[in-house]
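See structure below.
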Amino acid sequence: MRWYLKLLPPFFLLLAWEVASILINNPFILPTPVSVAAVLMTPMADILGSGSIIDNALLSVWRVVLGFGLAVLCAVPIGIIIGRYRTIEELVNPIIQLLRPIPPLAWVPLALAWFKIGLLSIVFIIFIGSFFPILINSIDGVRRVNRTWIETAAIYGAKGWKLLAYVILPASAPAIWTGLRVGFGVAWMCVVAAEMLPGTTSGIGYLIMYSYNWGQVQVIIAGMIVIGIIGIGVDVLFRAVEKRKFQWQEMNR
Amino acid sequence: MTVIIRNVSKTFTARQNEPLIALDNISARVANGEFLCILGPSGCGKTTLLRMIGGLDHPTSGEIEVEGTPVTGPDPRLAMIFQEYSLYPWRTVRSNVGFGLQMRGMPYEEREKIENRFIGLVGLEGFGDSYPYELSGGMRQRVAVARALATDPAVLLMDEPFGALDAQTRNRMQKELLLIWEKTKKTVIFVTHSVDEAVFLADRIMVLSPRPGRIAGIYDVNMPRPRDRTGVEFATLRRDVLELIDRLEDSQ
Ligand SMILES: Nc1ncnc2c1ncn2[C@@H]1O[C@H](COP(=O)(O)OP(=O)(O)OP(=O)(O)O)[C@@H](O)[C@H]1O
Ligand SMILES: [Mg+2]
């Protein structure tokens, strides 16, 4: 498709928004695109004494990095072990299946009970949210490693960590990477939701909640746009690496 | 290295199905430096036999010895070329060829020379930095051959390695293999569907019957190499083997 055709839908969305905001004529319900753009143009400006959009967004990113990083460090090795050993999988699978469908936000009360309001409980929620997608994909990736690849390695004497490093890991890397991408998406949703909890005093989620209390709807929408952009940006990064590094998987007939 | 197969049977017991006898009482002695071809119809247990020699599978009864020691698992003195696609798609051709050497801890600089030599040997000069997905099926199989040869095994187990090649490449690979074999005096156990290929390559041909695989016939091939595919002797032996295979099929 021609690139300028792809610009048409967003353009019409903006147009509809503009028209709607003029018709509604109430900035506390729907501010104009221009007023939102004004907020976005000054991302470093302090908002109602709560810091700038950029400061708060970076803080949210940092929280995600902590929770998501922790989840990666736990879920990938555990996933590899579970994926490698059938008996372990059969033992722990019921637990995984039981915990997995619980939405991360359902853990909030428990997180508060354990860690009180603050960084730790936010990181915990993010950890829980991204842990399962990473775990499931790692298990699946390792379990699907072609048997002939493992037997070839056996023929050439690869055992233990060599088998892991030279065959299992590279073979399951695309699946694990998909897990990381999905996991990061969930983590990003979790941080915004967790920051809206009462008692939180920073972060992009807090900022838009706080702006609501002050009737600053244009800041709410600007904050939402920033959340979306960061989410897409990271996803694009993940996909770019996927395309460069794991091309063999697509091409492998 | 001598390979001794002693009364080997293999039964697969899949979950619900009744047990499947893949191989029934196979005995053979493959002498040091011998080139043995195993011929047989699809599903008669050729791959199973080769896997057991390679230590990837275990006989239900009987035993296999390599140079006096019973096979209990994969052995660095043996290399196997799989029937199915076995290259590592995330590694380049060069890095696939060097895989066995790398697993043995050979440093990169030392490996590189050997890798290049075997890439050249299988006619893939210039493809060292390609990935397997950039190669044709036949080229991939040649990489697998190079990977096995690079580790300089005393026993080479080959499972229909040239099955996917065109006639021309196939003939060339057969000649190359014979040259390598004559030079290095490896013991080769070579599985094939092609009677022509077996008669061209083998010192001895073992014909297996359809399921369950039993030894249906053994042929000594006493023709000097290189063999002339159009010669009388070649044609006579090929006809004999084909007749046996026909008879086996009819008796099914
Ligand atoms: N892991 C397994 N579990 C159950 N049955 C098996 C297994 N491996 C092989 N078989 C069965 O054993 C028989 C022999 O298989 P094998 O792969 O050795 O045949 P083959 O002679 O190599 O055939 P082809 O020429 O088609 O490669 C087949 O009937 C197959 O279904
Ligand atoms: Mg086979």
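A few comments on the model shown:
- Nearest-0.05 FRET efficiency for A:Val92 and B:Glu109, computed from C-beta distance (R0 56 Å): 0.80
- Note on the protein assembly as shown: helix-only mean residue ellipticity at 222 nm, from DSSP H runs of 4+ residues weighted -39500 (n - 2.57) and normalised by residue number, equals -18000 deg cm²/dmol.
- The count of lysine pairs in chain A with alpha-carbon distances below 29 Å, taking only pairs 8 or more places apart or on different chains, stands at 5.
- Taking a ≥ b ≥ c as the square roots of the eigenvalues of the alpha carbon gyration tensor, the range B:134-209 is oblate, as a/c is not under 1.5 and a/b does not beat b/c.
- In a simple Cβ point-charge model (Lys, Arg +1; Asp, Glu -1; nothing else charged), the range B:118-252 has a dipole of about 260 debye relative to its Cα centre.
- The angle separating the long axis of helix A:53-84 from the principal Cα axis of greatest extent in chain A is about 20 degrees.
- Using alpha carbons only, the radius of gyration of chain B set against its Kirkwood radius gives Rg/Rh = 0.97.
- The range A:70-136: trypsin sites (Lys or Arg not before Pro) in DSSP loop, at most 15 other beta carbons within 10 Å: A:Lys116
- Counting, for every residue in B:91-101, the Cβ atoms of other protein chains within 10 Å of its Cβ and taking the mean gives 2.
- For chain A, the longest principal axis of the alpha carbon atoms and the long axis of helix A:204-213 meet at an angle near 30°.
- Contact order normalised by residue count of the range A:53-251, Cα under 8 Å, 6+ apart, percent: 28
- Segment A:Asp235-A:Arg100, length gained on full extension (0.36 nm per residue, minus Cα span): 46.4 nm
- Chain B: relative contact order in percent, alpha carbon pairs under 8 Å with at least 6 residues between: 26
- Accessible-area rank, largest first, for A:Cys190, A:Cys74: A:Cys74, A:Cys190, with all protein chains present and a 1.4 angstrom probe.
- Once the 1.4 Å probe is applied to the protein heavy atoms, chain B comes out at 44 Å² accessible per residue.
- For the residues of B:55-61, the average number of beta carbons from a partner chain within 10 Å of their own beta carbon is 1.
- Beta bridges per DSSP with both ends in chain B, % antiparallel, nearest 5: 50
- Cα centroid separation - the range A:88-148 against the range A:160-199, whole Å: 11
- Taking 7 Å steps out from each Cα toward its Cβ at A:Lys162 and B:Arg172 produces label points 3.3 nm apart.
- When the surface is traced with a 1.4 Å probe over the full set of protein chains, A:Met41 keeps roughly 150 Å² accessible.
- Neighbours of A:Ala175 by Cβ distance under 10 Å: Lys/Arg scored +1, Asp/Glu scored -1, total +1.
- Take the Cβ atoms of A:Asp46 and A:Met251, set R0 to 30 Å, and the FRET efficiency comes out at 0.05.
- Entry for the range B:208-252 at q = 0.25, 0.29 Å⁻¹: log10 I(q)/I(0) = -0.89, -1.04, Debye formula applied to identical alpha-carbon scatterers, no solvent contribution.
- Peptide A:152-165 has a mean of 6 when you count, residue by residue, the C-beta atoms of other protein chains within 10 Å of its C-beta.
- Lys/Arg +1, Asp/Glu -1 at C-beta; the range A:53-251 dipole; positive extreme among A:Phe68, A:Gly183, A:Val145: A:Val145
- Cut-off 10 Å between beta-carbons: net charge of the residues surrounding A:Glu242, Lys and Arg +1, Asp and Glu -1: +4
- Of A:Leu169, A:Leu119, B:Thr230, farthest towards positive along the dipole that unit charges on Lys, Arg, Asp, Glu beta carbons give the protein assembly as shown: A:Leu119
- Computed from label points 7 Å out along Cα-Cβ, the spacing between B:Asn116 and B:Ser136 is 2.7 nm.
- The stretch between A:Leu120 and A:Lys243, if pulled fully straight at 0.36 nm per residue, gains 40.8 nm over its current Cα-Cα span.
- Rounded to the nearest 20 debye, the dipole size of the range A:53-251 about its Cα centre is 540 debye, using +1 on the Cβ of Lys and Arg and -1 on the Cβ of Asp and Glu.
- Prolate/oblate/rounded label for the range A:1-57 (Cα gyration tensor, a/c 1.5): oblate
- Beta bridge orientation in the protein assembly as shown: antiparallel %, DSSP, nearest 5: 50
- Anisotropy class of the range A:101-226 from Cα gyration tensor, a/c 1.5 cut: prolate
- Nearby lysines by direct alpha-carbon distance to B:Lys186 (threshold 17 angstrom, same-chain neighbours under 8 apart not counted): B:Lys175
- FRET efficiency estimate (nearest 0.05) - Cβ-Cβ, A:Val65 to A:Ser35, R0 56 angstrom: 0.95
- Applying a DSSP loop filter and a limit of 14 other Cβ atoms within 10 Å to the GluC sites (Glu not before Pro) in the range B:1-75 leaves B:Glu67.
- Ordering of A:21-31, A:57-67 by burial proxy (mean other Cβ atoms within 10 Å per residue, highest first): A:57-67, A:21-31
- Net charge contributed by nearby residues that have their C-beta within less than 9 Å of B:Lys46 (K/R +1, D/E -1): -2
- Selection of trypsin sites (Lys or Arg not before Pro), the range B:220-252, meeting DSSP coil and at most 14 other Cβ within 10 Å: B:Arg229
- The angle separating the long axis of helix A:8-24 from the principal Cα axis of greatest extent in chain A is about 40 degrees.
The values are calculated or read from the model by the stated rules, or taken from the named source; none is laboratory data. As the structure is a prediction and not an experimental result, all values here were calculated from the model. Backbone-built Cβ (ideal geometry, glycine too); neighbour counts: all protein chains shown. Protein only, heavy atoms only, side chains kept; ligands, DNA and RNA dropped before computing areas. Shrake-Rupley method; radii C 1.70, N 1.55, O 1.52, S 1.80 Å.
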